[in-house]
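For reference, the structure is listed below as structure tokens.
The values are calculated or read from the model by the stated rules, or taken from the named source; none is laboratory data. Bear in mind the structure is a predicted one, so any value in this text is a computation, not a measurement. Note that each Cβ is placed from the backbone with ideal geometry, even for glycine, and that neighbours are counted across all protein chains shown. Note: areas computed on protein heavy atoms with side chains; ligands, DNA, RNA excluded. Shrake-Rupley method; radii C 1.70, N 1.55, O 1.52, S 1.80 Å.
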Amino acid sequence: MHLIAPSLLSANFLNLEKDIEMVNRSQADWFHLDVMDGVFVPNISFGLPVIEKIKTAARKPLDVHLMIVDPDRYIERFRKAGADIISIHAEACNHLHRSVYLIKQTGAKAGVVLNPHSPVSLLNDIIGDTDMVLLMSVNPGFGGQKFIENTYRKVRELKELILKKNSLAMIEIDGGVDLNNAPILVKEGAGILVAGNTVFASPDPEETIKLLKNF
Ligand code: DX5
Ligand code: ZN
């Protein structure tokens, strides 16, 4: 059964507790937290102090997606703040293998993220070391963008690579996930779906999570 990770980037920042409680109550599996530094991506979101607070209210694992340059500098602190899974962009790391092991040494699960333009083949020599691969299905930086259709092909290719290399890595998809593309993504091999706008802009977010979980 696939997992659902609502992205709090689309939640109400004026009343985060209410949205966290909704996710706690819902059929969602993880909280997806988007950290943006205004350098790696053209937007700034939230950071360590906010995640520390979210941790006190969240009753599900925190899936922290770092959209920051040179993430090695902060991995230990995000773990201390409560991250259970820490994902870093291949495009932001000069020594990706080292960064993946830095994450694992903290006790967190490690994820490697690929932007829409980065080929799956970039993962050939890291797929055996990473716990998860996050494929961006929009250009990172903002919620509510249009899903890039080429992602379907990339999921298929990634699934093949995982099988070929006997890797246990899970596949997560992030960006523009909705009720139409979700079943196709899962069929192609996705194990975790991130959803921001689809959940939080819907009239009944808890029900939308249920629909994303059960098809
Ligand atoms: C985009 C973020 C996503 C974003 C997804 O840079 O990584 O997690 O919140 O939002 P939606 O589902 O609205 O595209
Ligand atoms: Zn994200």
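Of note:
- Inside the range 80-98, residues that are buried (at least 23 other Cβ atoms within 10 Å of the Cβ) and among the polar types (S, T, N, Q) make up a count of 1.
- If only residues of the range 4-38 that are of a type in the set (A, V, I, L, M) and more than 14 Å from ligand 1 (Cβ to nearest atom) are counted, the one that is most open to solvent (accessible area, probe 1.4 Å) is LEU14.
- Of all residues in the range 23-47, those that are more than 16 Å from GLY175 (Cα to Cα) have Cβ atoms under 7 Å from Cβ atoms of residues that are surrounded by fewer than 20 Cβ atoms within 10 Å (Cβ to Cβ) and small (Gly, Ala, Ser), 6 or more apart or on another chain, in ILE44/GLY38.
- Residue among GLY143, GLY176 that alone is within 27 Å of ASN43 (Cβ to Cβ), within 16 Å of the chain's Cα centre (by Cα), outside any helix (DSSP H, G or I) and in contact (Cβ under 8 Å) with a residue 60 or more places away in the chain: GLY143
- In the range 27-46, residue farthest from GLY141 (Cα to Cα) [restricted to those that are part of a loop (DSSP other than H, G, I, E, B) and among the β-branched types (Val, Ile, Thr)]: VAL39
- Extreme residue, most open to solvent (accessible area, probe 1.4 Å), among residues of the range 108-144 that are away from ligand 2 (no atom under 16 Å from the Cβ) and charged (D, E, K, R): ASP125
- Here ALA195, ALA182, ALA201 are screened, and the one residue that is hydrophobic (A, V, I, L, M, F, W, C), open to solvent by 10 Å² or more (accessible area, probe 1.4 Å), within 12 Å of ligand 1 (Cβ to nearest atom) and at pLDDT 95 or above is ALA201.
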